[in-house]
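One structure is given here, and the rest of the page talks about it.
The values are calculated or read from the model by the stated rules, or taken from the named source; none is laboratory data. On a predicted model such as this, the values are computed, not experimentally measured, just so you know. With ideal geometry, Cβ positions are generated from the backbone for all residues, glycine too; neighbour counts draw on all protein chains shown. Just so you know, the surface numbers come from the protein's heavy atoms only, side chains and all, with ligands and any DNA or RNA stripped out. Shrake-Rupley method; radii C 1.70, N 1.55, O 1.52, S 1.80 Å.
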Amino acid sequence: NPRFDMQQIALDIGIARLPSLEDYLAGPNEAALAKLRECLGSKNTFVPLYLWGPAASGKSHLLRAAYEQLNLRGLTVGWMNAQTPACEFDESWGAIVMDDVQDYDEQQQQQAFSWMVQAQSAQILVLAAGLWPPIDLRVREDLRNRLGWGHVFALDVLSEEQRRAVLRHEADARGIFLSDDVLDFMLKHFQRDLSSLMQLL
């Protein structure tokens, strides 16, 4: 019998891709996305932009996408979330991004306020996000006021059909075909928020 040498070929389905604005299905959040694009596209936009909404509404995706876009432009960006140790403002930063502000401890709140004051003085872009509108945040008053004086946009969670569209788009990008049956199964038997569905994919 002839001998066949078998060679394994890796299936290129890809790993998690970096978030981008192009991958964000805005749905009801088109106005917020447009304002974010405007802020990122202008060299003279120094008014802070604050995004708020429930979990899985896309706040962190948009901030991470903005962070990546700013990096691609060659800017060093200050980043803070609830898991980031507080650090001093760096004068080399071209922008600052702050996520999950509702979870900041006292030291992080102090640092976030300091960052915003110095960012305004340096005239650099400030992007921030949290679960609630600034007025409802349980943070120090001076930070709450700073977060609320600029552009403030509420984000809504995508509908089921919109979540299906996002999953199909991400699956297509990885070379995976998702049938309606598979999508039905995912939405019926697993957590339905987009973040969990993306991890499952």
| query | Can you tell me which residues in the range 88-133 are under 14 Å from Ala66 (Cα atoms), open to solvent by less than 10 Å² (accessible area, probe 1.4 Å) and not in a loop (DSSP other than H, G, I, E, B)? | reply | Ala95, Ile96, Val97, Met98, Val126, Leu127, Ala128, Ala129
| Would you call Gln162 modelled with pLDDT under 85 and either within 22 Å of Phe46 (Cβ to Cβ) or touching a Gly at 6+ places or on another chain (Cβ under 7 Å) (or both)? | yes
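Can you confirm whether the range 169-185 contains a residue that is touching a helix residue (DSSP H, G or I) at 6+ places or on another chain (Cβ under 8 Å), of a type in the set (Val, Ile, Thr) and open to solvent by less than 60 Å² (accessible area, probe 1.4 Å)?
Residues of the range 169-185 that are touching a helix residue (DSSP H, G or I) at 6+ places or on another chain (Cβ under 8 Å), as a first pass: 170, 177-178, 183.
This time we only want the ones that are of a type in the set (Val, Ile, Thr), so: none.
Scanning the range 169-185, I find no residue that is touching a helix residue (DSSP H, G or I) at 6+ places or on another chain (Cβ under 8 Å), of a type in the set (Val, Ile, Thr) and open to solvent by less than 60 Å² (accessible area, probe 1.4 Å), so the answer is no.
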| note | Selection from the range 141-166 of residues over 24 Å from Ile124 (Cα atoms), of a type in the set (A, V, I, L, M), open to solvent by 30 Å² or more (accessible area, probe 1.4 Å) and outside any helix (DSSP H, G or I) yields Val157
| Based on what the data block shows, is Arg138 touching a residue at least 12 places away in the same chain (Cβ under 8 Å), assigned to a loop (DSSP other than H, G, I, E, B) and of a type in the set (Lys, Arg)? | yes
| message | Cβ-Cβ under 7 Å, sequence separation 6+ or interchain: first residue in the range 51-79 and assigned to a helix (DSSP H, G or I), partner open to solvent by 60 Å² or more (accessible area, probe 1.4 Å). Which pairs? | response | Tyr67/Trp79; Glu68/Leu18
| query | Can Leu183 be described as modelled with pLDDT under 95 and more than 21 Å from the chain's Cα centre (by Cα)? | reply | yes
| How many residues are open to solvent by 70 Å² or more (accessible area, probe 1.4 Å) and either of a type in the set (Gly, Ala, Ser) or on the phi > 0 side of the Ramachandran plot (or both) when one looks only at the range 42-56? | 1
| Is the range 167-179 home to any residue that is within 16 Å of Ala55 (Cβ to Cβ) and outside any helix (DSSP H, G or I)? | no
| message | Condition check: modelled with pLDDT of 50 or more and open to solvent by 70 Å² or more (accessible area, probe 1.4 Å). Does Lys35 satisfy that? | response | no
